[in-house]
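Note sheet for the following structure.
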Amino acid sequence: MKLVLRVFAVVMVLVVIAGGIFYFHPLWVGDQEIRLRLWREGVKSEYAMVDGYRIHYFEALPPQGVAGTPLVLVHGLGARGEDWGAMIPALAAQGFHVYAPDLLGYGRSPRPDVSYSISMEETVVVQFMQTMHVARADVGGWSMGGWIVMKLALDHPEMVDRLMIYDSAGVYFPATWEPALFTPHDTAGVRKLMAMLTPKPRELPEFAARAALRKLEKNAWVLNRSTTSMVNGRDLLDFRLHDIQQPMLIVWGAEDELIPLSAGEVIHEKVPQSVLAIVQGCGHLAPAECSKPVIESTVEFLKAEPPMPGGVRTFPAH
């Protein structure tokens with residue numbers, strides 16, 4: 001009986017400790033769950049020295065470790081490689097050798113005192129690919145990452161085979177929000193940001209909202225430099241898009257309030273060989289929240305031989 005009571009007491013202590021960790025560090029716990037799932041699905045978490053910086057990245061090989069078509073995925077503002085968590089193993093299973101780096105200033109990569117401009121992050125991607133000995137790859141980018149990879153396709157066309165963007169920035173549109181949206185100063189601001197990112201935001205407990213606020217405040221100076229660079233207009237691609245020659249897939253959440261579908265339609269119009277895939281019922285987080293149709297449209301596009309002709313397609317959210 002005493003042994004049972006001791007075991008029960010130990011279990012209760014562990015439950016209290018686990019509950020405390022989750023209460024004070026819910027985002028950290030969530031990250032560990034994502035990383036564990038990726039590890040179980042064969043996705044490696046690695047580091048590489050890129051121009052003197054220790055850049056973190058995820059890498060996934062096709063089944064049995066066979067050589068696959070190189071595919072580089074670039075995350076968006078305030079994001080990191082984990083945000084591709086639904087897509088990395090799914091694309092590797094389809095025969096692609098997937099790389100998903102954390103850009104400089106984001107995720108587990110360092111945060112030096114630099115500009116964090118679109119051009120600077122493009123250089124990071126170029127140098128990352130060179131470090132990985134990836135001379136040419138299919139390249140995809142989400143939000144700010146889409147801007148970066150479109151610029152990459154224009155500046156270094158020899159490095160990009162097929163191009164995919166997801167709810168991408170990079171062209172002018174009349175924004176309904178201020179750049180300060182990304183660096184809130186209270187939990188109400190956190191909830192406002194979430195409402196812009198998804199048409200169906202989850203009810204966020206106060207302790208989770210506070211944890212998100214702490215994380216955003218910690219990286220606010222990087223986000224501010226990135227957004228300052230983006231809004232100054234120097235790297236906007238409106239007058240360059242017609243020079244994109246690669247087969248191109250444009251995936252957009254139909255209910256994206258952060259970067260509206262009209263921006264995707266502008267890109268599609270300027271790149272006539274592009275395929276515009278509209279995901280109904282989804283917002284800015286389509287690759288995560290509507291991963292099934294996004295993966296389906298991506299794989300179909302990447303495997304099409306010859307490349308898919310330009311046009312518009314619509315997918316349900318699930």
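Points to keep in mind about this one:
- Residues that are in a helix (DSSP H, G or I), open to solvent by 80 Å² or more (accessible area, probe 1.4 Å) and without any contact (Cβ under 8 Å) to a residue 40 or more places away in the chain, drawn from segment 225-265: HIS242, GLU265
- The one condition from (1) out of contact with any helix residue (DSSP H, G or I) (no Cβ under 7 Å at 6 or more places or on another chain); (2) buried (at least 22 other Cβ atoms within 10 Å of the Cβ) that ARG108 does not meet is (2).
- Checking segment 155-175 against the condition returns no match, with no residue being among the polar types (S, T, N, Q) and out of contact with any Phe, Trp or Tyr (no Cβ under 7 Å at 6 or more places or on another chain).
- Among the residues making up segment 285-318, a single one is in contact with a Gly (Cβ under 6 Å, 6 or more places away or on another chain) and closer than 19 Å to VAL139 by Cα: ALA286.
- Considering residues of segment 280-299 that are open to solvent by 10 Å² or more (accessible area, probe 1.4 Å) and small (Gly, Ala, Ser) only, the residue farthest from the chain's Cα centre (by Cα): GLY281
- Search result, residues across segment 266-278 that are outside any loop (DSSP other than H, G, I, E, B) and farther than 26 Å from SER226 by Cα: GLU269, VAL275, LEU276, ALA277, ILE278
- For segment 39-75, residues that are within 14 Å of SER109 (Cβ to Cβ), more than 17 Å from the chain's Cα centre (by Cα) and open to solvent by 20 Å² or more (accessible area, probe 1.4 Å) total 7.
- Test: residue in segment 266-279 that is open to solvent by 60 Å² or more (accessible area, probe 1.4 Å) and over 22 Å from ASP138 (Cβ atoms): yes
- Cβ pairs under 8 Å, 6+ apart, first in segment 156-183 and in contact (Cβ under 8 Å) with a residue 24 or more places away in the chain, second of a type in the set (Lys, Arg) and assigned to a loop (DSSP other than H, G, I, E, B): MET159/ARG136; VAL160/ARG136; ASP161/ARG136
- Comparison of LEU204, LEU163, LEU213 shows that the only residue that is in contact with a helix residue (DSSP H, G or I) (Cβ under 7 Å, 6 or more places away or on another chain) and at pLDDT 95 or above is LEU163.
- Against the conditions (1) under 18 Å from the mean Cα position of the chain (by Cα); (2) over 28 Å from ARG37 (Cβ atoms); (3) surrounded by fewer than 18 Cβ atoms within 10 Å (Cβ to Cβ), ALA135 satisfies every one except (1).
- Residues of segment 195-207 satisfying the condition of being out of contact with any Gly (no Cβ under 9 Å at 6 or more places or on another chain) and either more than 20 Å from GLY253 (Cα to Cα) or open to solvent by 70 Å² or more (accessible area, probe 1.4 Å) (or both): ARG202, GLU203, LEU204, PRO205, GLU206, PHE207
- GLY78 open to solvent by 10 Å² or more (accessible area, probe 1.4 Å) and either at positive phi or not in a helix (DSSP H, G or I) (or both): yes
- Only residues that are more than 15 Å from ALA92 (Cα to Cα) and surrounded by 13 or more Cβ atoms within 10 Å (Cβ to Cβ) were counted across segment 302-311, and they come to 4.
- Total residues in segment 166-185, condition open to solvent by less than 80 Å² (accessible area, probe 1.4 Å) and not in a helix (DSSP H, G or I): 11
The values are calculated or read from the model by the stated rules, or taken from the named source; none is laboratory data. Computed from a predicted structure; not experimentally measured. Backbone-built Cβ (ideal geometry, glycine too); neighbour counts: all protein chains shown. Heads up: the accessible areas ignore ligands, DNA and RNA and are worked out on the full protein's heavy atoms, side chains in. Shrake-Rupley method; radii C 1.70, N 1.55, O 1.52, S 1.80 Å.
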